[in-house]
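*Asks:* To start, I am sharing the structure in question, which I have written as structure tokens.
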Amino acid sequence: MTRHSARTTTRSRWVLGALVVGLPLSLLPATAGAQPTTAPAPQTDRGWHGRPTPLPKVPVMTGSGGAVSSVDRDASQVGIDVLARGGNAADAAVATAAALGVTEPYSAGIGGGGFLVYYDAKSKKVTTIDGRETAPASFTDKTFTDPATGKAMDFNTVVNSGLSVGIPGTPALWAKALRDYGTLSWGEALKPAERLADQGFVVDQTFHDQTVANAARFSAFPATAKVFLRDGKAPAVGSVFTNPDMAKAYRTLRTQGVDVLYRGRLGEAIVRESNAPHTAPGVSVMGGQMTLRDLAAYRALTKAPIHSQYKGLDVFGMPVPSSGGIAVAEILNLMKAYERRTGTPTSQVSDVQYLHRFSEASATAFADRNRWVGDVRGVPVKELTDPAFAAERACLFDPMKAHPRPIPFGSPDGSYTSCAPGAVAQGQPYEGQSTSHLTATDRWGNVASYTLTIEQTGGSGITVPGYGFLLNNELTDFNFTPLTPGVPDPNLPGSGKRPRSSMSPTILLDDGKPFLAVGSPGGATIITSVSQTILGYLDRHLSLVDAIAAPRLSSRNGASEGAEPAILDGPTGAALTAMGHTLASAGTPNEIGAVTAIRSLGRGIFEAAAEPTRRGGGSAMVVHPR
Ligand code: GLU
């Protein structure tokens, strides 16, 4: 792998300085908003005149004018075209996300939710928008238990049912992001996605494989089978996949406004279908409890970000109901604490020692988030992200030996002098691996880091008839019963509550200026993928794309730790095992995460980076490639 010093070559910033920021797109002359300088655009410039030239699908691209990185080429291109025509990072983020709803319909879309972390160049502030799905008002902490036995319902039975469907937050987040930060109208932002759904995209291996993996449950829902199974089968690789029903959903939203989902006929269709899903003959599933009132009550919420510091950089992440910002901050704080305890910086230790430290840090952070973080009052956010708490949690760190799992949770109580191990060790709640992440920046220095999801790949499996999009199963992110009897569990279901998430859209600032934007899909592994990418880039001398590609380890305080083949099957894995780590495959395929990121090279130049191979590889683009 190429190694270079990230810190010496990359501490330059996004260059700010647009005069036209805030102008609606329609008020900009065709070329004015798009010019990075006052010089006339050379003929080779793309995007300013007529139809933009398609950019290739690559994992790294460097250049000016703004950047977009997502898991999908068509979606990144939509974002780049928005930037090229004068849109800003919020516009690009919404348009790219809408396109992901078309090309990644099993991971993202209007039937789901997500979290946006946004750096606004004008105010120089990082804010977040919480577009997480909510539980219906009728939910209680017993909703996912069998009334007869009091035991947790079967997980998969709930996934494939209307009961798992949360009130969608994605459309509300898009509307709010455009209102608060964007320049495009709602209709302009959704139009490219509608076109993509109408004209289709070329099926790749990942989409094909995901369809095959879900074919059995999709065939239980006729509306889903009609849209996603062609003649009962997954569409062939290389074929063009159109989704006219989803085009209709986007057209309905675009022409009638977001309220058509929260107060109109699109919402009525969602409520009807989630309450009484249409199923194939002989199949019956539980209905949900969503009401029109629940939909009308839904709000995407502006929230202050989680803020911590790492190696002189300000790290901003997503607050509750995501545990992402808190857990990433604790992991980074623990890595610093281990450096202080051992006297050896992360940058100077062996790969084995680095991964050992990283594993101990992430298992510890997961122990704490499982006990303390959820959509409840009184989450000890300040304490959990306090370096003093991390120092206390690090005091039992052994550089030669792994702590037995599960590690007990700590006491974020403001007094950090104890070195006593915690008393209660809890198991690991189940979380799948799906979702989509995108990062976008513009030439004015605005930055968006946005993770969106419908939870499991394929969500609940329920498609809204006639509208071609899948409904989420986000409510299965709640713990069905307390993780440990007798220990308060902040992540039980509840009325109007938002399930705890691991999504970790992150923005790092250097001296107040954007430095790096990063995020990943992957359920609970999102937290470890994002932290490992930050550490790889800042401490392990990796270029950004190499930090994204580096073999992953994901220790979440379970009995075993997910390790990709390059670790699991090699000498690194053997050495970690000898230290007491129990490594295991992270699944089939054995892949963890699919990060996208953007960094600044200074003077208005960006490097967009995406996953090179996992999930078929992502797509990094800039407006003016160099
Ligand atoms: N539901 C997950 C979360 O909010 C994301 C879905 C996934 O990546 O599996 O953390």
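The values are calculated or read from the model by the stated rules, or taken from the named source; none is laboratory data. Keep in mind that this is a model prediction, so the values were computed, not measured. Glycine gets a Cβ as well: all are built from the backbone with ideal geometry, and neighbour counts include every protein chain shown. Heads up: the accessible areas ignore ligands, DNA and RNA and are worked out on the full protein's heavy atoms, side chains in. Shrake-Rupley method; radii C 1.70, N 1.55, O 1.52, S 1.80 Å.
*Asks:* Taking residue 57 as the anchor, which lysines have their alpha carbon closer than 25 Å to its alpha carbon, excluding any fewer than eight residues away along the same chain?
*Replies:* Candidates past the 8-residue exclusion: 191.
*Asks:* Debye calculation, C-alpha points only, no solvent: report log10 I(q)/I(0) for the chain at q = 0.07, 0.08 Å⁻¹, in the same order as the q values.
*Replies:* Values, matching the q order: -0.39, -0.51.
*Asks:* Farthest toward the dipole's positive end in the chain, which of 400, 460, 550, given Cβ charges of +1 (Lys, Arg) and -1 (Asp, Glu) about the Cα centre?
*Replies:* 550
*Asks:* When the expected Rg is taken as 2.2 N^0.38 Å, what fraction or multiple of it is the alpha-carbon Rg of region 200-312? It would help to have the intermediate numbers written out before the result.
*Replies:* Values: Rg = 18.7 Å, N = 113, 2.2 N^0.38 = 13.3 Å.
This ratio for region 200-312 stands at 1.41.
*Asks:* Which shape class, rounded, prolate or oblate, goes with region 491-591 when its Cα gyration tensor gives a ≥ b ≥ c as root eigenvalues, a/c under 1.5 marks rounded, and past that a/b bigger than b/c marks prolate?
*Replies:* oblate
*Asks:* Among 122/303; 303/336; 124/176, which pairs are too far apart, with a Cα-Cα distance over 25 Å?
*Replies:* Those over the limit are 303/336.
*Asks:* Going by average Cβ density within 10 Å per residue, which order do the peptides 85-98, 138-151 take, highest to lowest?
*Replies:* The peptides rank, most packed first, as 85-98, 138-151.
*Asks:* Under the definition of Cα pairs under 8 Å and six or more residues apart, what whole-number percent is the relative contact order of region 449-549?
*Replies:* 19
*Asks:* Can you grab the distance from the C-alpha centre of region 289-325 to the C-alpha centre of region 349-394, Å, no decimals?
*Replies:* After rounding, the separation between the Cα centres reads 19 Å.
*Asks:* Computed FRET efficiency, Cβ-Cβ of residue 263 and residue 286, R0 35 Å: what is it to the nearest 0.05?
*Replies:* Rounded to the nearest 0.05, the efficiency is 0.85.
*Asks:* Something else about it: I'd like to compare 296-307, 517-528: which one has the highest average count of other Cβ atoms within 10 Å, and what's the full order after that?
*Replies:* 517-528, 296-307
*Asks:* Okay, moving on. Note down the net charge around residue 458, summing +1 for each Lys or Arg and -1 for each Asp or Glu among other residues with Cβ under 14 Å from its Cβ.
*Replies:* -3
*Asks:* Zone of residue 574 (label point 7 Å along Cα→Cβ, backbone N under 17 Å): which residues in region 346-388?
*Replies:* Counting backbone N atoms under 17 Å from the label point, the list is 351-353.
*Asks:* To continue, here is another question. Can you tell me the FRET efficiency between residue 230 and residue 278 if r is taken as the Cβ-Cβ distance and R0 is 22 Å, rounded to the nearest 0.05?
*Replies:* The calculated FRET efficiency here is 0.70.
*Asks:* Moving on to the next point. At a threshold of 8 angstrom on Cα-Cα distance, excluding pairs fewer than six apart, so keeping six or more, what relative contact order does the chain reach in percent?
*Replies:* Computed value for the chain: 26 percent relative contact order.
*Asks:* What ³J(HN,Hα) values, in whole Hz, does the Karplus curve 6.51 cos²θ - 1.76 cosθ + 1.60 give for region 500-515 when θ = phi - 60°, with x put for Gly and Pro?
*Replies:* Rounded to whole hertz, the list is 5, 10, 10, 4, 9, x, 9, 10, 10, 10, 10, 6, x, 10, x, 10.
*Asks:* Leaving out ligands, DNA and RNA, and with a 1.4 Å probe, what % of the accessible surface on region 298-452 is carbon or sulfur? Could the numbers behind the result be given before it?
*Replies:* Details: 2870 of 5320 Å².
It is 54 percent, rounded to a whole number.
*Asks:* Can you work out the accessible area per residue across the chain, with the rest of the protein chains kept in place, probe 1.4 Å, in square angstrom?
*Replies:* Accessible area per residue, the chain: 34 Å².
*Asks:* Using only alpha carbons, build the gyration tensor for region 569-626 and give me the equivalent ellipsoid semi-axes, biggest first, whole Å.
*Replies:* Value: 35, 15, 8 Å, ordered largest first.
*Asks:* Now a separate question. Using a 7 Å offset from Cα along Cα-Cβ at residue 124, what residues in region 505-542 end up with backbone N under 13 Å from the label point?
*Replies:* 510-514
*Asks:* Turning to a different aspect of this structure: Per-residue counts of other Cβ atoms within 10 Å, averaged by peptide: what ranking do you get for 264-274, 590-600, 317-327, highest first?
*Replies:* Highest to lowest by the protection proxy: 317-327, 590-600, 264-274.
*Asks:* Could I ask something else about it? Quick check: pseudo-label points 7 Å beyond the Cα along Cα→Cβ at residue 585 and residue 495, how many nm apart are they?
*Replies:* About 4.6 nm, to one decimal.
*Asks:* Next question. Could you work out [θ]222 nm for the chain from helices alone, using -39500 (n - 2.57) per DSSP H run of at least four and dividing by all its residues? Round to the nearest 500 deg cm²/dmol.
*Replies:* -9500 deg cm²/dmol
*Asks:* Across region 97-183, how large is the tail of the calculated P(r) beyond 23 Å, expressed as a percent of all Cα pairs?
*Replies:* Cα-Cα pairs in region 97-183 separated by more than 23 Å: 41 percent.
*Asks:* Also: Grab the beta carbon distance between residue 348 and residue 148, set R0 = 45 Å, and tell me the FRET efficiency rounded to 0.05.
*Replies:* Details: r = 59 Å, r/R0 = 1.31.
Here the calculated transfer efficiency is 0.15.
*Asks:* Let me ask something else. For a distance above 23 Å, tell me the whole-number percent of Cα pairs in region 127-249 that qualify.
*Replies:* Roughly 54 percent, rounded to a whole number.
*Asks:* Please give the length that would be gained between residue 395 and residue 237 if that part of the chain were fully extended, namely 0.36 nm times their separation in residues minus their C-alpha to C-alpha distance (nm, one decimal).
*Replies:* 51.6 nm
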